[in-house]
Structure formats: structure tokens, C-alpha cells
Amino acid sequence: MRITDGAFAGIEGLLVRSRPNRGLLVLSVELLHQSVAVEVDCTAVTPIAPAAAALADRARLLAS
């Protein structure tokens, strides 16, 4: 997912979980070489890759 609005606009992350009752998504993003969980409004993100491709990209990053 790519965050499109707010302080983290332009940052990409992996969907960890959703909080539909609050309209939020929890994404795992890389900041300062650390993975952190970020809650963002569900209207402030856009999908960037199918889940399988995103998982493959994550595995490739972890292997390097």
C-alpha cells in the first residue's frame, strides 16, 4: 500500500491489519531502517501491488 495523504504521504508499506470500526488500516513501513506499525485512515492509501507480489518483494528485501 502507498500512503497518499498526511505526514507519511509517499511511503509504502505492507498491510498488517484493518480496524474497520475506526476506518483505519495498520501498515508496516520502513523508517530509519526499522519496521514500524503506522495507523492510517483507510481513505489515505492506495494499493500498489497484488499481495503475492508484495510478499515476494518483502522476502527479497529481507534476504539482501
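Nothing in this text is a laboratory measurement; each read-out follows from the coordinates by a stated rule. These numbers come from a predicted model, not from an experiment. Cβ placement follows ideal geometry from the backbone for every residue including glycine, while neighbour counts extend to all protein chains displayed.
So how tilted is helix 51-63 from the main axis of the chain? Cα-based, degrees 0 to 90, rounded to 10.
50 degrees
Can you tell me the relative contact order of the chain? Whole percent, Cα pairs under 8 Å, sequence separation 6 or more.
Working: 88 pairs, mean separation 18.6, N = 64.
Relative contact order comes out at 29 percent.
Once every DSSP H run of n ≥ 4 in the chain is given -39500 (n - 2.57) and the sum is divided by its residues, what mean residue ellipticity at 222 nm do you get, rounded to the nearest 500 deg cm²/dmol?
Dividing the helical sum by the residues of the chain leaves -6500 deg cm²/dmol.
As a footprinting exposure proxy, order Leu27, Leu15 by other Cβ within 10 Å, with the fewest listed first. Please list the in-between numbers first.
Values: Leu27 22, Leu15 14.
Ranking Leu27, Leu15 by Cβ neighbours within 10 Å, fewest first, gives Leu15, Leu27.
Tell me the label only: which of (1) 43, 17, 6; (2) 20, 13, 11; (3) 24, 15, 11 is semi-axes √(5λ) of the Cα gyration tensor in Å as calculated from this structure?
Label of the calculated value: (2).
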